[in-house]
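*Asks:* I am attaching a structure below and will ask some questions about it afterwards.
The values are calculated or read from the model by the stated rules, or taken from the named source; none is laboratory data. Fair warning: this is a prediction, and the values are worked out from it, not measured in the lab. Virtual Cβ from ideal backbone geometry, glycine too; neighbours counted across all protein chains shown.
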Amino acid sequence: MKGIGALFLGLFFWLNFTNGHAGIKVGTVMFYPPFVTSANQGFDIEFIQLLCQRLQQDCKFVSMDFYQLFTSLKSGEIDIAVGGITTFPSKRGYIFSLPYLLSQAVFLVNAGSDIKSINDLMGKKIGVMKEKDNGGGVFYDYLMKHYSGEFQIILYNNMEDQITALSEGSIDAAFTHGSTAIYWEQNGSGRFKMLNKPVPIGNGIGIMSVSSNQALINEFNEEIMKLEKTPEYVNLYMSYFGDE
């Protein structure tokens, strides 16, 4: 009987070891093109699906507003977060994978607007997506550093609210990812235009997690480096960013 008990005990530990991160919970936003365009589409969604396949892991996506990703990581509701996340130096326990895309920012305005340059935005309302549970974020911090006190900054919980506010004239410009602005130029029925050339922001786009998941991020990093060298990655990249 002792032999059978030891066998079952060994099997229990083996299953737990081999399953490792079985059922990885991936937090993401509901809509943030071109990174997330639906529950199963968008560059980040499909990129993570490829990584999970290579890791032989079952990854489940959990949708929420951008700022909720931070608290959900802290609480353990999700294991990692993706969706156009610009990496940044963090002292709050957040960690990031290797960047897999460049991160750039741009002002997006209504095509029929009289605003022709950034100087025309002085004193105007600028919409920024709320990126942290306590407000602000990388894009907010950029504006505060480079244009402190020159804009009225309005925070929005998600991309839908931000672009609706711009369309309705509640704000004069949206400060967002360069790739997101290009998406709206191409898919917004001619209603939007970029005001400036995209400028670098943050350290690139990557997977976010918390320090207790460092081993998991290391696994993703290994697969990111391998995947980026494959035709599969090139095809995925070109399907979303080929026109940039």
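*Asks:* Among the residues of the stretch 159-203, write down those that are acidic (Asp, Glu) and more than 12 Å from residue 129 (Cβ to Cβ). So that I can check it myself, show each step before the final result.
*Replies:* Initially, the stretch 159-203 is screened for residues acidic (Asp, Glu), giving 160-161, 168, 172, 185.
The answer is 168, 172, 185.
*Asks:* Hey, residue 212 hits all of (1) surrounded by 14 or more Cβ atoms within 10 Å (Cβ to Cβ); (2) part of a helix (DSSP H, G or I) but one; which does it fall short on?
*Replies:* Looking at each condition in turn, residue 212 falls short on (1).
*Asks:* For the stretch 114-134, give me each residue that is at pLDDT 95 or above, part of a loop (DSSP other than H, G, I, E, B) and not charged (D, E, K, R).
*Replies:* 115, 117, 122, 123
*Asks:* Counting just the residues of the stretch 54-83 that are among the aliphatic types (A, V, I, L, M) and crowded, with 19+ Cβ neighbours inside 10 Å, which one comes out nearest to residue 158 (Cα to Cα)?
*Replies:* 64
*Asks:* Taking the residues in the stretch 29-63 that are out of contact with any Gly (no Cβ under 6 Å at 6 or more places or on another chain) and among the aliphatic types (A, V, I, L, M) as candidates, determine which candidate is farthest from residue 129 (Cα to Cα).
*Replies:* For the stretch 29-63, the residue satisfying everything is 55.
*Asks:* Is it true that some residue in the stretch 197-209 is farther than 20 Å from residue 70 by Cα and in a strand (DSSP E or B)?
*Replies:* For the stretch 197-209, residues farther than 20 Å from residue 70 by Cα and in a strand (DSSP E or B): present.
*Asks:* Being surrounded by 17 or more Cβ atoms within 10 Å (Cβ to Cβ) and among the aliphatic types (A, V, I, L, M) is the filter here, so list the residues in the stretch 215-234 that pass it.
*Replies:* 216, 217, 224, 227
*Asks:* Also, I was wondering about something else. Somewhere in the stretch 211-225, is a residue over 26 Å from residue 88 (Cα atoms), of a type in the set (A, V, I, L, M) and touching a residue at least 24 places away in the same chain (Cβ under 8 Å)?
*Replies:* no
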